[in-house]
Amino acid sequence: MAISPSKENILKKIRMALSHSTPLPFPQSESKQFFFRKPGQEPELEFADQFTKLQGKFIYCLNHSELVTQLKDLLTHREWSRVYCCEDALKSVLRQNGFTGFSGVALKDCDVSITGCEALVARTGSIVMSAAQQSGRTVSVYAPVHICIAYVNQLVFDIKDALQLIKDKYGDQLPSLITFATGPSRTADIEKTLVVGVHGPKEVYLLLVEA
């Protein structure tokens, strides 16, 4: 089958281009250097700044005793009595420090859910969760308000650091789902008007524990 002159001209240009290698425009693009510059402030402060910019509510706690005090005050102030939590280790820590507010209510009927997390990303203010947690895929999404309890040693700078932390923890048994929750659920699909709480919680609280 004969090749048309125009097609032959295109193929000729392709052959010429392939015979002359083109230098990479960004030779450092595959390096291990951070694309984003690390902030000068502590990761706790950077996370708090980014998290609150996204309408998250941040509370810093020196220890478990202060954690329970802050949690009780928050629930009392907001009049949340139907508290859901299914993570046994987290419930044990809270109970050992005097928290008795678990109501035994089902997730669909709760005012607020409490979970832990896998990591916190300081640069984006994101909470990282996975299907390997006892709370699974649904608890942080279906409740109208999500309270996450995390620790300073779970803070990392960037997303790839969080993924490495999870890989180091689980090895070859990686969770089937890893979620990056960045503030309350929000969308602007309807007439380009920002609406909060359409596909998830309307409010997200992060209680960060020092030790």
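A few remarks follow.
- Considering only residues in the range 93-110 that are assigned to a helix (DSSP H, G or I) and among the aliphatic types (A, V, I, L, M), the one that is nearest to Pro184 (Cα to Cα) turns out to be Leu107.
- Pick from the range 15-41, criterion modelled with pLDDT of 60 or more and surrounded by 10 or more Cβ atoms within 10 Å (Cβ to Cβ), ranking: farthest from the chain's Cα centre (by Cα): Ala17
- Odd one out for Arg95, checked against (1) over 25 Å from Ile178 (Cα atoms); (2) among the basic types (Lys, Arg); (3) in contact (Cβ under 8 Å) with a residue 12 or more places away in the chain: (3)
- Being surrounded by fewer than 20 Cβ atoms within 10 Å (Cβ to Cβ), assigned to a helix (DSSP H, G or I), in contact (Cβ under 8 Å) with a residue 24 or more places away in the chain and under 21 Å from the mean Cα position of the chain (by Cα) is a description that applies to Leu90.
- Some residue of the range 60-77 being in contact with a Ser or Thr (Cβ under 6 Å, 6 or more places away or on another chain), outside any helix (DSSP H, G or I) and not hydroxyl-bearing (Ser, Thr, Tyr): no
- If only residues of the range 153-189 that are β-branched (Val, Ile, Thr) and more than 30 Å from Ala106 (Cα to Cα) are counted, the one that is nearest to the chain's Cα centre (by Cα) is Ile159.
- Across the range 46-59, the qualifying residues are those that are part of a helix (DSSP H, G or I) and among the polar types (S, T, N, Q), and the one among them that is farthest from Arg123 (Cα to Cα) is Thr52.
- Total residues in the range 124-153, condition closer than 19 Å to Lys202 by Cα, in a strand (DSSP E or B) and of a type in the set (Gly, Ala, Ser): 1
- Test for Glu44: is it under 21 Å from Gly116 (Cβ atoms), among the charged types (D, E, K, R) and either modelled with pLDDT of 65 or more or exposed (fewer than 12 other Cβ atoms within 10 Å of the Cβ) (or both): yes
- Single unsatisfied condition, Cys117 versus (1) part of a loop (DSSP other than H, G, I, E, B); (2) of a type outside the set (Lys, Arg); (3) over 23 Å from Thr52 (Cβ atoms); (4) modelled with pLDDT of 95 or more: (3)
The values are calculated or read from the model by the stated rules, or taken from the named source; none is laboratory data. Note that the structure is a prediction, hence the values are computed from the model and not measured. Quick reminder, even Gly has a Cβ in these numbers, built from the backbone with ideal geometry, and neighbours come from all protein chains shown.
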